[in-house]
Amino acid sequence: MANNSTSSSSRHRNPFILDNVFDLLRLVQFLDERGRSKDLFSGSSSFEDGSLDTSTIAIGGISLGGMISFFAGVASDRFSLLFPLIGVQDFDRAVRESCFHARVATIRPVFEHAREKLGKEEIDSETVKFVWNSITPGILSSYALRPSLKSLYPRPCLIVNGRHDPRCPVEFVIEAVVEVQQASNYQSLLLAVDEEAAHEISEGMWAQTLQFLQQQLLPSSLQLRQSSVQEVLKAGDGEEVEARSARDVVEGKNVEALEEKVQAGKIEHKEEEKQEEEVNSEGADEIRVLEEEQEQEQESTDAKAKHGKEILQEERQDKGEAEEETLRHEEEKDEEPGSEEEETREEKMFAEKEKEMTEQREEEEREEERREEERREEEFEG
C-alpha cells in the first residue's frame with residue numbers, strides 16, 4: 001500500500017505527489033533486480049526458497065496515499081491492479097467548477113503563499129491553478145482524470161470514494177469513469193461509492209476492497225462468493241449492515257481473517273492520516289522558513305535601495321550646489337562689465353563737470369582782470 005509520507009529531501013527535488021511516484025518506481029526496479037535473490041526477504045516470504053514474485057504487483061492507498069497509488073499506476077504498467085481509496089478526483093474539473101475549497105484546506109499555507117504572491121484578496125480558481133501547475137506540473141492536463149483513467153486500460157482498478165467527500169467530489173469522478181468505460185469498453189474499471197461516507201473509510205469500503213483483492217489475486221477456493229460492488233453497498237444504510245452483508249458472503253473459515261484485516265486497515269488508515277498531518281505540518285514549517293528568508297531578503301533589498309537612494313540624493317544635492325555656485329559666478333561675471341561701464345560713465349560726467357567748473361573759473365578770472373584793467377585806466381585818466 002502506498003505510503004502517504006514524503007521525505008524532506010525529495011520534496012525539494014521533485015513535484016508534489018510525483019515525488020512519491022518516483023520512489024515507488026525505483027522500488028519496483030529494485031524488486032525486479034533483486035526479487036529472485038535468496039538473500040532478499042529470506043525467511044519471511046511466502047515462497048519456500050525466499051524469493052519474491054514481482055510479476056503481479058497491486059498498489060493502493062488512502063487519501064494522499066490513494067492519489068500517489070493512482071498516479072503510480074498511470075506512470076507505469078508494472079502495477080498490475082490498483083485500488084485507490086478516497087484519493088481519486090478530477091483536479092481540472094474542480095478548478096473550473098470552483099469545488100476546491102476542502103482540498104485547499106489540507107495544505108492551505110501553500111495556497112495562502114501563492115495568493116499573496118499573485119496579489120489576490122482570496123484564494124480563487126486562478127490561485128489554485130497556479131499552485132497545481134507549480135507543485136505538480138501536468139495534473140490539470142497530461143495527468144487529468146480522463147486521460148489518466150484511459151492509460152490504465154485494461155488493468156483492473158477499483159476506485160473507492162464517499163458520496164459526501166468534499167475533497168474528492170464524487171460526481172466528477174462518476175462522470176469520468178462512465179465516459180471512459182463506455183468509450184473503451186473498460187469493464188475492469190470499477191467504482192464503489194459509499195452513500196453515507198465523507199472523507200473516511202467505512203467497514204463496507206474495507207470489505208469491498210478486500211473482496212476485490214481476493215477476486216483478483218487469490219485462488220478461487222479463497223475468494224468471496226459472488227458479490228458485486230452494487231450488492232455490498234446497496235445491502236443497507238449503515239456501516240454495520242454493509243459489513244455484515246460482506247461477511248455473509250465469505251467462506252465461514254475466512255470470517256475471522258477478514259475481520260482482522262478490517263481492523264488492521266482501520267489502524268493503518270489512522271496512522272496514514274497522522275502521517276498526512278505531519279506532512280502538512282512539515283510543509284507549513286518549510287513555507288514559514290521560506291517566507292522568513294524572503295522577508296529577510298526583502299529587508300536587505302529595501303535597505304540597499306534606501307542607501308542607494310540616499311547616496312543618489314547626496315550626489316544630486318552636491319551637484320545642485322555646484323551648479324548653483326557656478327551659476328552665481330557666471331552672474332557675477334555678467335554683472336562686472338556693467339559696473340565698469342557705469343564707473344566709466346560716472347568718471348566721464350565728473351570730468352565734464354570739472355571741465356565746466358574750470359572754464360567757469362577761468363571766465364570769472366578773465367572778467368575780474370578786465371574789470372581791474374578798467375579800474376586802472378579810470379584812475380590813470382583821473
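The values are calculated or read from the model by the stated rules, or taken from the named source; none is laboratory data. A quick note: this is a predicted structure, and the numbers were derived from the prediction, not measured. Here the Cβ positions follow ideal geometry from the backbone for every residue, glycine too, while neighbour counts run over all protein chains shown. Ligands, DNA and RNA are excluded from the accessible area calculation, which covers all protein heavy atoms including side chains. Shrake-Rupley method; radii C 1.70, N 1.55, O 1.52, S 1.80 Å.
For the stretch 187-209, the set of residues classified as open to solvent by less than 30 Å² (accessible area, probe 1.4 Å) and of a type in the set (Ser, Thr, Tyr) consists of Ser202, Thr209, listed by residue number. Just a yes or no: is a residue in the stretch 113-135 among the basic types (Lys, Arg), under 24 Å from Gly61 (Cα atoms) and part of a helix (DSSP H, G or I)? No, there is no match, as no residue in the stretch 113-135 is among the basic types (Lys, Arg), under 24 Å from Gly61 (Cα atoms) and part of a helix (DSSP H, G or I).
Whenever a residue of the stretch 125-154 is in contact (Cβ under 8 Å) with a residue 12 or more places away in the chain and among the charged types (D, E, K, R), its partners that are open to solvent by 20 Å² or more (accessible area, probe 1.4 Å) and not in a helix (DSSP H, G or I), lying with C-beta atoms within less than 7 angstrom and at least six residues away or across chains, give the pairs Lys129/Leu140. Among the candidates Glu196, Glu171, which residue alone is farther than 26 Å from Ser76 by Cα and assigned to a loop (DSSP other than H, G, I, E, B)? Criteria check complete, one pass: Glu196. Residues in the stretch 87-110: is at least one touching a strand residue (DSSP E or B) at 6+ places or on another chain (Cβ under 6 Å), open to solvent by less than 50 Å² (accessible area, probe 1.4 Å) and within 30 Å of Leu27 (Cα to Cα)? Yes - at least one qualifying residue is present in the stretch 87-110. Scan the stretch 103-112 and tell me whether some residue there is among the polar types (S, T, N, Q) and at positive phi. Taking every residue of the stretch 103-112 in turn, none turns out to be among the polar types (S, T, N, Q) and at positive phi. The residues in the stretch 141-186 that are of a type in the set (Val, Ile, Thr), open to solvent by 10 Å² or more (accessible area, probe 1.4 Å) and closer than 12 Å to Gln89 by Cβ can be counted, and the count is 1. Name the pairs: first residue in the stretch 17-34 and touching a residue at least 40 places away in the same chain (Cβ under 8 Å) and open to solvent by 60 Å² or more (accessible area, probe 1.4 Å), second residue hydrophobic (A, V, I, L, M, F, W, C) and not in a helix (DSSP H, G or I), Cβ to Cβ under 8 Å, at least 6 apart or on different chains? Matching pairs, first to second residue: none at all. Could you tell me whether any residue of the stretch 153-166 is assigned to a helix (DSSP H, G or I) and in contact with a helix residue (DSSP H, G or I) (Cβ under 8 Å, 6 or more places away or on another chain)? Looking through the stretch 153-166, none of the residues is assigned to a helix (DSSP H, G or I) and in contact with a helix residue (DSSP H, G or I) (Cβ under 8 Å, 6 or more places away or on another chain).
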